[in-house]
Amino acid sequence: MSKHNIAPVVPTIKSTGSAPAFFSCWDIHSYYGESYIVQGVSFDIREGEVLALLGRNGAGKTSTLRSIARMDNPQVTHGEIWLDHKPLHNMKSHDAAQNGVGLVPEDRRIIPGMTVEENLILSQIAPPIGWSIERIYEHFPRLAERRNQEATTLSGGEQQMLAVARILARDIKLLLLDEPYEGLAPVIVREIERIVDSIKTLGITTIIVEQNAVAALRLADRAIILDMGQVVFDGLAQEVLDNAEMRQQYLAI
């Protein structure tokens, strides 16, 4: 389909309860160059929910996250994105970040040449509203132990903790996690799971993209499954855990 001839779709935005959606994607279409990646994705999330965004490799999961964060690639050509009653779809990435969107990318983007604490201070808004450095250390005690260590010398799991902590330091409204367990040993995955679960108890709205679908589903309230850039399932995470046929068809597990 040509990017210049998209037929608008009127999706049915669903809610899991009576509260209005805190975050909504409406008919998002995104491209990398001429490659049509996100093909009319729509979903909403209530405040404090954790959503697992799942699918096989190439289904459009990371592209959807990057579209929400208003990154330059992929290019969003159609649709609307709303967070806490504010439209994000006309914003640049830095404006979306200032309005509460926090993306933890797969490559983590730890700042070299700085300590753990310097990475956190640089990320923190001033003055901090809800996340002082000491509060961050309460939730990430391992980072407190390494506060004066050069950040890029941390282990992979510790760098992932720091990447998440840096985003929380900005007092975000929406946390986007792209493959938080990628390349980590099982024992470290369990530690990251514990941290994400603690974030969930704080009521932070979260979207997790993760190839380890079962781990993501255990943490999530709801799940979206993408296939070839389109939503093929939108429902409770437990429904996916309970449906072996669906997991095999769309997730190969």
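The values are calculated or read from the model by the stated rules, or taken from the named source; none is laboratory data. Note that the structure is a prediction, hence the values are computed from the model and not measured. Positions of Cβ are generated from backbone atoms using ideal geometry, with glycine treated the same way; all protein chains shown enter the neighbour counts.
Structure values in brief
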read-out	value
Which listed residue is among the small types (Gly, Ala, Ser), closer than 21 Å to Asp234 by Cβ and surrounded by 15 or more Cβ atoms within 10 Å (Cβ to Cβ), from Gly58, Gly102, Gly48	Gly48
From the options Val38, Val76, residue that is of a type in the set (Val, Ile, Thr) and at pLDDT 95 or above	Val38
From Pro105, Pro127, residue being more than 15 Å from the chain's Cα centre (by Cα) and either at pLDDT below 90 or closer than 24 Å to Glu210 by Cα (or both)	Pro127
Those strands (runs of 3 or more DSSP E) lying entirely in segment 16-115 with at least 3 residues within 24 Å of Ser198 (Cβ to Cβ)	50-54, 101-104
Criterion (at pLDDT 95 or above and of a type outside the set (Phe, Trp, Tyr)) met by exactly one of Glu145, Glu158, Glu138, Glu134	Glu145
Long-range neighbours under 6 Å by Cβ, at least six apart or interchain, first residue of a type outside the set (D, E, K, R) within segment 74-90, second in a strand (DSSP E or B) and loosely packed, with under 14 Cβ neighbours inside 10 Å	Pro74/Tyr32
Top-ranked residue of segment 164-190 - restricted to ones that are closer than 19 Å to Tyr137 by Cβ and of a type in the set (Lys, Arg), ranked as surrounded by the most Cβ atoms within 10 Å (Cβ to Cβ)	Arg166
Residues located in segment 69-94, provided they are within 23 Å of Ala165 (Cβ to Cβ) and either touching a strand residue (DSSP E or B) at 6+ places or on another chain (Cβ under 6 Å) or not hydrophobic (A, V, I, L, M, F, W, C) (or both)	Ala69, Arg70, Leu83, Asp84, Ser93, His94
Residues of segment 110-119 classified as modelled with pLDDT under 95 and among the aliphatic types (A, V, I, L, M), total	2
Segment 191-210 residues that are buried (at least 20 other Cβ atoms within 10 Å of the Cβ), paired with ones that are among the small types (Gly, Ala, Ser) and not in a strand (DSSP E or B) (beta carbon under 7 Å, 6 or more apart)	Thr205/Gly48; Ile208/Ala216; Ile208/Ala220; Glu210/Ala216
All positions within segment 191-219 that are of a type in the set (A, V, I, L, M) and over 19 Å from Ala252 (Cα atoms)	Ile192, Ile195, Val196, Ile199, Leu202, Ile204, Ile207, Leu219
Unmet requirement for Val41, which otherwise passes all of (1) exposed (fewer than 15 other Cβ atoms within 10 Å of the Cβ); (2) in contact with a helix residue (DSSP H, G or I) (Cβ under 8 Å, 6 or more places away or on another chain); (3) in contact (Cβ under 8 Å) with a residue 40 or more places away in the chain	(1)
